[in-house]
């Protein structure tokens with residue numbers, strides 16, 4: 001379909017089937033200065049994430065989970081430690097790491113189509129290939145018929161779908177989701193969780209999602225990273241057993257939820 | 001205090017904190033110095049070009065006096081007391097106009113805001129009259145009131161009227177109602193409500209209006225003094241133009257800008273002191 | 001009295017017209033009864049007649065057209081320069097450091113205080129007037145563009161970063177659209193200043209130290225005052241206000257079209 005699309009460095013273009021999207025986080029620390037106070041956002045965090053894994057990071061506010069995601073996106077840099085993606089250190093934002101923000105951040109003056117197309121602006125490929133990719137994504141996230149709608153005409157769920165499509169457009173090996181469903185009502189949320197799983201399976205990216213909804217994390221992820229605040233540290237990494245789709249009444253599910261809830265409370 | 005992991009343990013002591021603060025202060029100082037140096041590049045460049053142009057006699061001395069001459073003229077005007085005299089006349093006119101026009105505007109805005117029939121029947125007419133800028137009314141006022149002192153005061157008063165009317169009216173209409181409910185729940189007496197709840201909630205808007213009024217009034221005054229006056233800073237400038245003493249014109253332009261800025265700055269400072277809370281984001 | 005509890009009121013427009021109608025009636029009655037001083041208090045009928053005469057011989061319409069044309073010419077030059085400079089200052093820290101202090105200082109000078117200087121340099125003709133109007137139109141536009149470009153929410157800038165947009169694309173797709181409401185507000189204010197500046201320049205040159213020079217609404221009013229023609233003065237004032245308001249409305253209408261996503 002739009003196979004010719006690639007990010008600016010064709011040498012590292014991910015081929016379907018390649019093992020890409022692995023992440024190594026080594027001894028990362030970060031301190032913010034807020035007025036005269038120092039806030040210790042992350043303290044010596046290490047993690048390794050395998051290609052095509054679906055990872056969730058949960059934790060109370062202030063545990064540094066969003067900070068970690070911003071490091072991965074290249075929007076901030078740690079004070080100490082290294083982060084590598086497929087062996088290369090992160091040097092600023094890149095289309096190889098798509099990010100979906102909680103507040104969708106669709107540009108209000110561009111239509112859905114153009115918002116998604118914006119992610120392909122610096123990507124190689126003809127206009128027709130790009131248009132085809134955008135159409136494919138609009139179909140994938142279920143926004144057919146809303147191609148030329150402006151963001152203020154969309155519901156919260158639709159905006160977030162468009163935002164996810166924008167993050168996916170350049171086929172990033174790594175997709176970062178910063179509480180992507182956090183602002184949605186429960187019903188829309190459940191539907192979008194199912195869709196996220198489908199999208200993940202179809203696009204074959206590694207996904208790292210920050211959330212504070214424990215059930216969401218268990219429904220979607222292979223592993224759940226539980227973090228604790230002040231200073232932000234990894235408390236435990238919980239492997240989620242069982243095949244998808246997972247039911248909230250499964251004993252495995254209940255056990256995982258109890259374990260994580262316990263970790264968060266103490 | 002040793003949770004600062006990215007610093008050496010030695011630095012993470014009290015003296016380290018102090019050094020930290022000193023470093024920040026030094027950084028700020030350096031930033032200020034850089035800002036000032038950068039900001040001076042353009043004015044100094046213009047000044048150099050200006051001096052060079054005068055030296056090379058690109059333009060006649062009457063049309064482009066040398067910067068040095070402007071500087072000397074400025075001090076001559078100060079030494080003879082002429083500048084202070086004319087400035088005092090101008091400031092007196094602005095204050096008189098501001099008190100008269102601004103006071104009326106305040107009363108009008110508050111009445112329109114508090115008494116609905118007045119707002120429906122009278123305020124549209126007043127607003128329509130105010131849609132024509134002061135400058136437009138000038139010929140009309142000149143015919144009606146002559147070109148004496150009254151003309152200047154009335155024109156400035158007219159200029160200052162609208163900002164204060166709008167500010168007090170909008171202040172009354174847009175103030176948050178939730179504090180009224182607090183006052184009602186606390187069963188505060190009427191006078192206390194006005195003093196503690198209503199007046200403070202519209203004061204920021206009124207002070208902003210006052211600043212706008214003063215800035216507009218000052219500009220209107222310069223114009224009317226240029227057109228018809230035998231005193232004041234605008235007159236001094238026009239006199240310089242007619243006598244083709246452009247050094248006087250330059251000096252007065254700078255003074256006009258400076259005084260305008262000083263007036264606004266002084267009001268802004270007092271506004272921040274009086275209603276500093278309103279400058280902080282209210283959730 | 002807040003908008004939500006206000007019951008819809010009918011006939012507000014007609015109620016607003018009541019007072020002016022009464023005043024005009026009083027004015028006409030006073031004139032008919034011969035109470036007023038004939039020189040200054042012209043009758044409403046006389047104002048209407050001079051309006052018709054002014055359009056018939058083209059003096060009023062010609063003056064209005066000349067002023068409008070001049071205001072637009074000066075506005076396009078001044079606002080265009082303001083947009084460029086403001087955007088540059090808004091997006092470049094170096095340009096901000098270099099030009100901001102100078103612009104902020106020059107902005108403090110009342111527009112008409114430039115007239116003596118500009119008239120000495122450029123004479124009293126078209127060059128001087130257009131320069132003055134452009135100068136007046138420049139500052140609000142530059143300020144609007146600068147504020148708009150500087151205050152683009154960080155979240156949108158980050159979108160540009162993560163999508164690896166080039167500087168040009170970021171400017172075109174993110175910064176300028178985000179700054180648009182502020183730019184439009186600057187344009188509106190700038191047009192207002194241009195309109196007033198034109199009138200003031202014409203008036204000042206038509207009166208004061210060089211009598212009866214130039215054309216346009218300002219010169220029309222200056223001459224009307226010179227000959228104590230109250231009817232023409234009132235007409236001129238009316239036109240000045242009407243056209244100023246119309247220009248404002250045009251810009252607001254245009255801005256609603258240009259920025260449909262913006263809540264007014």
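Check the stretch B:129-138 and report whether any residue there is surrounded by fewer than 19 Cβ atoms within 10 Å (Cβ to Cβ) and at the interface with chain C (Cβ under 9 Å from one of its Cβ atoms).
Looking through the stretch B:129-138, at least one residue is surrounded by fewer than 19 Cβ atoms within 10 Å (Cβ to Cβ) and at the interface with chain C (Cβ under 9 Å from one of its Cβ atoms).
Modelled with pLDDT of 80 or more, within 11 Å of chain C (Cβ to nearest Cβ), part of a helix (DSSP H, G or I) and more than 30 Å from residue B:69 (Cβ to Cβ): which single residue out of B:201, B:215, B:270 fits that description?
Sole residue among the options that is modelled with pLDDT of 80 or more, within 11 Å of chain C (Cβ to nearest Cβ), part of a helix (DSSP H, G or I) and more than 30 Å from residue B:69 (Cβ to Cβ): B:215.
Does the stretch C:162-170 include one or more residues that are touching a strand residue (DSSP E or B) at 6+ places or on another chain (Cβ under 6 Å) and either closer than 30 Å to residue C:28 by Cβ or more than 14 Å from chain B (Cβ to nearest Cβ) (or both)?
So far as the stretch C:162-170 goes, yes, one or more of its residues are touching a strand residue (DSSP E or B) at 6+ places or on another chain (Cβ under 6 Å) and either closer than 30 Å to residue C:28 by Cβ or more than 14 Å from chain B (Cβ to nearest Cβ) (or both).
For the stretch A:94-112, indicate whether the set of residues that are in a strand (DSSP E or B) and over 16 Å from the mean Cα position of the chain (by Cα) is non-empty.
So far as the stretch A:94-112 goes, no, none of its residues is in a strand (DSSP E or B) and over 16 Å from the mean Cα position of the chain (by Cα).
Checking the structure you have, find out if any residue of the stretch C:144-155 is in a helix (DSSP H, G or I), out of contact with any strand residue (DSSP E or B) (no Cβ under 6 Å at 6 or more places or on another chain) and closer than 20 Å to residue A:99 by Cβ.
Among the residues of the stretch C:144-155, at least one is in a helix (DSSP H, G or I), out of contact with any strand residue (DSSP E or B) (no Cβ under 6 Å at 6 or more places or on another chain) and closer than 20 Å to residue A:99 by Cβ, which makes the answer yes.
Is it true that some residue in the stretch C:160-176 is more than 29 Å from residue C:61 (Cβ to Cβ) and within 20 Å of the chain's Cα centre (by Cα)?
Within the stretch C:160-176, none of the residues are more than 29 Å from residue C:61 (Cβ to Cβ) and within 20 Å of the chain's Cα centre (by Cα).
What are the residues in the stretch C:86-99 that are surrounded by fewer than 19 Cβ atoms within 10 Å (Cβ to Cβ), more than 7 Å from chain B (Cβ to nearest Cβ) and part of a helix (DSSP H, G or I), if any?
C:88, C:93, C:94, C:95
Out of B:152, B:158, I need the residue that is over 30 Å from residue C:12 (Cβ atoms) and surrounded by 15 or more Cβ atoms within 10 Å (Cβ to Cβ). Which one?
B:152
Do we find that residue B:255 is more than 14 Å from every other protein chain (Cβ to nearest Cβ) and at pLDDT 85 or above in this structure?
For residue B:255, the condition - more than 14 Å from every other protein chain (Cβ to nearest Cβ) and at pLDDT 85 or above - is not met.
List pairs: first residue in the stretch C:181-207 and surrounded by fewer than 23 Cβ atoms within 10 Å (Cβ to Cβ), second residue assigned to a helix (DSSP H, G or I) and at pLDDT 90 or above anywhere in the structure, Cβ distance under 6 angstrom, at least six positions apart or on different chains.
C:182/C:144; C:182/C:147; C:182/C:148; C:185/C:144; C:189/C:140
Inspect the stretch A:68-87 for any residue being at pLDDT below 85 and under 30 Å from residue A:45 (Cβ atoms) and give the result as yes or no.
yes
Restricting to the stretch B:226-248, count the residues that are within 19 Å of residue B:154 (Cβ to Cβ), part of a helix (DSSP H, G or I) and more than 10 Å from every other protein chain (Cβ to nearest Cβ).
Count: 1.
For the stretch B:104-125, how many residues meet the condition of being touching a residue at least 12 places away in the same chain (Cβ under 8 Å) and either surrounded by fewer than 17 Cβ atoms within 10 Å (Cβ to Cβ) or away from every other protein chain (no Cβ under 11 Å) (or both)?
Summing the residues that are touching a residue at least 12 places away in the same chain (Cβ under 8 Å) and either surrounded by fewer than 17 Cβ atoms within 10 Å (Cβ to Cβ) or away from every other protein chain (no Cβ under 11 Å) (or both) in the stretch B:104-125 gives 8.
Within the stretch A:65-93, can you find the residues that are part of a loop (DSSP other than H, G, I, E, B) and away from every other protein chain (no Cβ under 13 Å)?
A:86, A:87 - these are the residues of the stretch A:65-93 that are part of a loop (DSSP other than H, G, I, E, B) and away from every other protein chain (no Cβ under 13 Å).
When the residues of the stretch A:119-137 are narrowed to those that are within 26 Å of residue C:176 (Cβ to Cβ) and free of Cβ contacts under 8 Å to residues at least 24 places away in the same chain, which ends up surrounded by the fewest Cβ atoms within 10 Å (Cβ to Cβ)?
Of everything passing the filter in the stretch A:119-137, A:127 is surrounded by the fewest Cβ atoms within 10 Å (Cβ to Cβ).
Which residue pairs have Cβ atoms closer than 7 Å, lie 6 or more positions apart in sequence or on different chains, and pair a first residue in the stretch B:21-38 that is within 14 Å of chain C (Cβ to nearest Cβ) with a second residue that is modelled with pLDDT of 85 or more and surrounded by 10 or more Cβ atoms within 10 Å (Cβ to Cβ)?
B:35/C:97; B:38/C:97; B:38/C:98
Go through the stretch A:138-167 and count every residue that is more than 24 Å from residue A:215 (Cβ to Cβ), within 14 Å of another protein chain (Cβ to nearest Cβ), touching a residue at least 12 places away in the same chain (Cβ under 8 Å) and outside any loop (DSSP other than H, G, I, E, B).
Going through the stretch A:138-167 one residue at a time, the tally reaches 5.
Can you tell me which of A:234, A:238, A:224 is within 28 Å of residue A:37 (Cα to Cα), in contact (Cβ under 8 Å) with a residue 12 or more places away in the chain and in contact with a strand residue (DSSP E or B) (Cβ under 6 Å, 6 or more places away or on another chain)?
The match here is A:234.
What pairs can you find where one residue is in the stretch C:59-76 and part of a helix (DSSP H, G or I), the other is surrounded by fewer than 16 Cβ atoms within 10 Å (Cβ to Cβ), and their Cβ atoms are less than 6 Å apart, with a gap of 6+ or different chains?
C:61/C:55
Being surrounded by 19 or more Cβ atoms within 10 Å (Cβ to Cβ), assigned to a helix (DSSP H, G or I) and either under 18 Å from the mean Cα position of the chain (by Cα) or not assigned by TED's automatic domain parsing to the domain that holds residue B:102 (or both) narrows it down to one of B:251, B:220, so name that one.
B:220
Scan the stretch A:91-118 residue by residue and report those that are farther than 29 Å from residue A:79 by Cα and without any contact (Cβ under 8 Å) to a residue 60 or more places away in the chain.
Within the stretch A:91-118, A:107, A:108, A:109, A:110, A:111, A:112, A:113, A:114, A:115, A:116, A:117, A:118 qualify.
Taking the residues in the stretch B:153-187 that are within 14 Å of chain C (Cβ to nearest Cβ) and outside any helix (DSSP H, G or I) as candidates, determine which candidate is nearest to the chain's Cα centre (by Cα).
B:175
In the stretch C:224-264, what residues are facing chain B (nearest Cβ under 8 Å) and within 12 Å of residue B:131 (Cβ to Cβ)?
Within the stretch C:224-264, C:237, C:238, C:240, C:241, C:244, C:245 meet the criteria.
Would the stretch B:138-149 turn up any residue that is without any contact (Cβ under 8 Å) to a residue 12 or more places away in the chain, assigned by TED's automatic domain parsing to the domain that holds residue B:220 and on the phi > 0 side of the Ramachandran plot?
yes
The values are calculated or read from the model by the stated rules, or taken from the named source; none is laboratory data. Since the model is a prediction, treat every value here as computed from it, not as a measurement. In this analysis, Cβ positions are derived from the backbone assuming ideal geometry, glycine residues included, and neighbour counts consider all displayed protein chains.
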